[in-house]
1. For the stretch 79-149, which fully contained strands (runs of 3 or more DSSP E) count at least 1 residues that are at pLDDT 95 or above, open to solvent by 20 Å² or more (accessible area, probe 1.4 Å) and within 24 Å of Ala49 (Cα to Cα)?
2. Can you spot a residue in the stretch 39-54 that is at pLDDT 95 or above, in a strand (DSSP E or B), within 16 Å of the chain's Cα centre (by Cα) and surrounded by 19 or more Cβ atoms within 10 Å (Cβ to Cβ)?
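The values are calculated or read from the model by the stated rules, or taken from the named source; none is laboratory data. All values derive from a computational prediction rather than experimental measurement. Every residue, glycine among them, receives a Cβ derived from its backbone with ideal geometry; neighbour counts consider all protein chains shown. Surface areas here come from the heavy atoms of the whole protein model, side chains and all, with no ligands, DNA or RNA. Shrake-Rupley method; radii C 1.70, N 1.55, O 1.52, S 1.80 Å.
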Amino acid sequence: MTPDELRALIRTVPDFPKPGIQFRDITTLIGHPQGLAASVRHLAEMARACGAQKIAGMEARGFIFGAAVAVELGIGFAPVRKPGKLPIETIGVDYALEYGTDRLEMDPAAVSDGEHVVIVDDLIATGGTAIAAAKLLRMAGARIDHALFVIDLPDLGGATKLASAGLEVRTLLDFEGN
């Protein structure tokens with residue numbers, strides 16, 4: 001399937017979570033077998049071209065695409081978790097949200113020193129979560145210089161922020177507006 005065909009599988013929910021927001025819902029994409037498979041193949045081709053040795057994805061939707069891309073490439077997957085989800089000692093990073101803060105954690109042994117890890121997620125909006133994930137993966141010793149997304153919302157500036165953090169961003173689709 002082409003990116004335009006994939007675009008048609010993404011549902012837009014107006015005024016969610018608040019008035020004026022156009023929520024891009026991937027539920028309809030991941031529920032479509034050919035659409036999901038095509039998305040994973042496209043992302044895997046991009047990750048292969050980046051020289052990925054491992055894929056990382058952020059909880060929760062990054063697990064869907066990231067793990068599938070890792071399987072497609074025959075490489076490992078490093079989960080970047082919400083706090084308190086692992087029963088072992090973790091490393092973590094706090095980061096700012098629009099209203100407040102959040103935290104990401106991971107097993108520091110999930111990546112090797114110098115391993116080229118590519119971040120994969122469903123959507124980039126403001127970029128805060130992906131920047132935090134890159135910082136965390138770098139703390140663990142990974143080399144991070146690419147982040148791949150199904151959807152970009154360019155009006156929110158996330159890709160520009162990731163570029164400032166040393167990450168090249170590649171996406172399958174973009175949707176204007178917020």
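1. Values: elements: 91-97, 100-106, 116-124.
By residue number, 116-124.
2. Quick first cut of the stretch 39-54, residues at pLDDT 95 or above only: 39-54.
Now restrict to residues that are in a strand (DSSP E or B): 54.
Now narrow it down to the ones that are within 16 Å of the chain's Cα centre (by Cα): 54.
Pick out the ones that are also surrounded by 19 or more Cβ atoms within 10 Å (Cβ to Cβ) and you get 54.
Yes, the stretch 39-54 contains at least one residue that is at pLDDT 95 or above, in a strand (DSSP E or B), within 16 Å of the chain's Cα centre (by Cα) and surrounded by 19 or more Cβ atoms within 10 Å (Cβ to Cβ).
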